[in-house]
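The values are calculated or read from the model by the stated rules, or taken from the named source; none is laboratory data. Predicted model, so just to flag it, every value in this text is computed and none were measured. Don't worry about glycine lacking a Cβ; one is built from the backbone with ideal geometry, like all the others, and counts go over all protein chains shown.
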Amino acid sequence: MMEAQMARLRAMGELETVRTDILGLAETLEGISLWRPAVGMRKACDESLLMLDRLVERFDRKLVVTLVGPSGSGKSTLLNALAGEDNLSPSGHRRPTTQQVVAFCRQSADAGQLMDELGPENIRIHASQAAEALENVILIDTPDTDSTHHDRHVPIIHKAIRLSDVLVCVFDGENPKRRDHTDFLAPYVRLFNGESLVVAVNKCDRLAESELTGTIMPDFSRYIGDAWSVEPAAVLCVSARSHLKDPGWDREAVPKHDRNQFDQLQQLIVGTFNRSGFSVDRRLENARSLREYLWQTVQTEAKKEKKDLDAAIGQMAASEAEAMRQAVTAFRGDGHALMPGINVRLYQQLAQRWLGPVGWLVAVWTRILVFGTGIASLLRFGNPVRQIVGAVSAVRHYADSKKAMDAADRGSGAGMALQRYDSAIARAWPDIAETLIKARFATSVREARHAPGYGEEIGQRLSLVWNDAFENELAKAGRRLSGGLLQLVFNLPVLGVLGYAGWLTAVNFFSGSILSSNFFLHAFWTIVLVLFLSFFLLQAVIRLAAGKERLLARIFSSVRETVDQQHNLSENPVWKQANTIIRLGDWGIGGLRD
């Protein structure tokens, strides 16, 4: 008893694992919603989850063995023969012979769940002492798969199969390879483990024994294997009518031979399926088969799209790379507007690093640059008229210089860059969309909103790339131009004059001599001249080593290098969905977990 309970708990845990796997597949399919096959397969997952839920609900209930077959296959006669009651399920020449699901069991309560699911109007329960041997099994007969009441019967058959654990697929031995019946059963049999499928070719007594054993049955076994891609537990030739209490043979249509595997079928049901604990194993194997079927279906469908999706991804990558190059070009075209801001930011970097008299002047010069380009023009050498105009317009240009700094910080070409990017993508997207549609993507993929970078995100990303490159290049330039040796070289002349003037002042002070005011005036101007000369020489070095044009060129080079290394497509939903489908085709659902 304890062992049976432990087996049940393990099986329940395995069922929950299967359910989680199918849920994961459903979520994956939900994430590739632009791919049209995903919609149908997502519904298949939902249907499978319902089947699992009902399987869990009936986990401790009897095994349901369901007979499914077309009109005239003798399916109802087979149920009567298996039950040992000739009139259990209606049989005869009137079609359809079976209009309801007929359940054969020991007690009516055994089929209570079937009654609840199918509805009392769609099932007739036959409880009989003849079912004494079926301690753990319920046998059910279903309406014909091709009856004249097809529209009403198929939903009933569908529900019955969904509640089944073993399918006995009945074929007419006189015409077993009916494609309509095989195709009808194909989507159902794949939901079952092969050990839960039995194929019964009925009316075999109507055929010549040599033809039956030498040609018909071997050929039919191959046919079923190819059509279903599932190997049934058994393919049996039977004569159900021979096992009725009153077969009612026509004198001119008696059996042609006694080759009949009915006893083997009966032994499968009574001896194997009816075994205690078999239902748990079958339901667990069916659940695993259900999962494998879904995974295989998704992988098979995804493989069909690999060629077109690879082409579409290649087109997207090429168009995105070209669009990014166009965007970077937009930044370069706006470089002149950025130069004043770049110059100010460079001197801010130097002001933070330089020490000594020249460092003080660098800091003052930085403030002047921040204040406005007008005063800066006044203090540069050049045309006196332009210097005066610069001084007068200093206040007016203050706002412009601030704008230049802001533009440098965020990359003032970001708006134009985004426009260039979207324009380049827009030109390429129609061809990409048609390739995706060939891969069974929805026609809505033609809409521009599905294109990579649609909207503001690329503009924001380019701004971030610009800011990173800008700050990195400024920091590098600041470090190069603030080395200890360089600071010593440019500060030394000023410090020398200051030291010399101070030494003379101190010597004369301690000797009691008083220096004239002319001395201090001359010393002051000498210091100022040497300081400004050192500063102007420093500006020349800065211009040569990291002038605005040079620095701007390095920033753009860094931006381009960064853009070339980035894979911006990874953020695009269409690109993500296309790659997910390719991975599903290559590795199946397991490939998405790695």
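A few comments on the model shown:
- Test result for D250, free of Cβ contacts under 8 Å to residues at least 60 places away in the same chain, within 30 Å of A26 (Cα to Cα) and out of contact with any helix residue (DSSP H, G or I) (no Cβ under 6 Å at 6 or more places or on another chain): no
- Residues that are under 14 Å from P187 (Cα atoms) and either in a loop (DSSP other than H, G, I, E, B) or more than 42 Å from the chain's Cα centre (by Cα) (or both) within the range 139-162 comprise just one, T145.
- Of all residues in the range 118-134 being at negative phi and part of a loop (DSSP other than H, G, I, E, B), the one that is surrounded by the most Cβ atoms within 10 Å (Cβ to Cβ): L134
- Hits in the range 192-238 (condition: outside any helix (DSSP H, G or I) and out of contact with any strand residue (DSSP E or B) (no Cβ under 9 Å at 6 or more places or on another chain)): N193, A208, S229
- Check on L515, out of contact with any Ser or Thr (no Cβ under 9 Å at 6 or more places or on another chain) and aliphatic (A, V, I, L, M): no
- Under the condition of being out of contact with any Lys or Arg (no Cβ under 9 Å at 6 or more places or on another chain), more than 15 Å from F262 (Cα to Cα) and of a type in the set (A, V, I, L, M, F, W, C), the residues counted in the range 193-215 number 1.
- In a residue-by-residue description of the range 255-271, the property of being in contact with a strand residue (DSSP E or B) (Cβ under 7 Å, 6 or more places away or on another chain), surrounded by 22 or more Cβ atoms within 10 Å (Cβ to Cβ) and over 30 Å from S48 (Cα atoms) applies to no position.
- Total residues in the range 474-494 satisfying the condition of being crowded, with 17+ Cβ neighbours inside 10 Å and among the aliphatic types (A, V, I, L, M): the figure is 4.
- Every condition in (1) in contact (Cβ under 8 Å) with a residue 60 or more places away in the chain; (2) farther than 16 Å from L361 by Cβ is met by A501 except one, and the failing one is (1).
- Single residue of A208, A186 found to be surrounded by fewer than 22 Cβ atoms within 10 Å (Cβ to Cβ), within 27 Å of I156 (Cα to Cα) and in the same structural domain as E85 (by TED's automatic domain parsing): A186
- Residue among L23, L67 that alone is aliphatic (A, V, I, L, M) and part of a helix (DSSP H, G or I): L23
- Test: residue in the range 329-347 that is of a type in the set (S, T, N, Q), surrounded by fewer than 18 Cβ atoms within 10 Å (Cβ to Cβ), modelled with pLDDT of 85 or more and part of a helix (DSSP H, G or I): no
- Residues of the range 256-281 satisfying the condition of being modelled with pLDDT under 85 and either part of a helix (DSSP H, G or I) or not assigned by TED's automatic domain parsing to the domain that holds A200 (or both): F278, S279, V280, D281
- Residue match in the range 568-588 (condition: in contact with a Leu (Cβ under 7 Å, 6 or more places away or on another chain), at pLDDT below 80, surrounded by 15 or more Cβ atoms within 10 Å (Cβ to Cβ) and in a helix (DSSP H, G or I)): no
- Enumeration of residues in the range 427-483 that are of a type in the set (V, I, T) and modelled with pLDDT under 90: I458, V465
- For beta carbons closer than 8 Å, sequence separation of 6+ or different chains, a first residue in the range 215-232 that is under 18 Å from N193 (Cα atoms) and surrounded by fewer than 19 Cβ atoms within 10 Å (Cβ to Cβ) and a second that is of a type in the set (V, I, T) and at pLDDT 90 or above, the qualifying pairs are S221/V235.
- Residue selected from the range 135-157 under the condition out of contact with any helix residue (DSSP H, G or I) (no Cβ under 7 Å at 6 or more places or on another chain) and of a type in the set (A, V, I, L, M, F, W, C), by the criterion surrounded by the most Cβ atoms within 10 Å (Cβ to Cβ): I157
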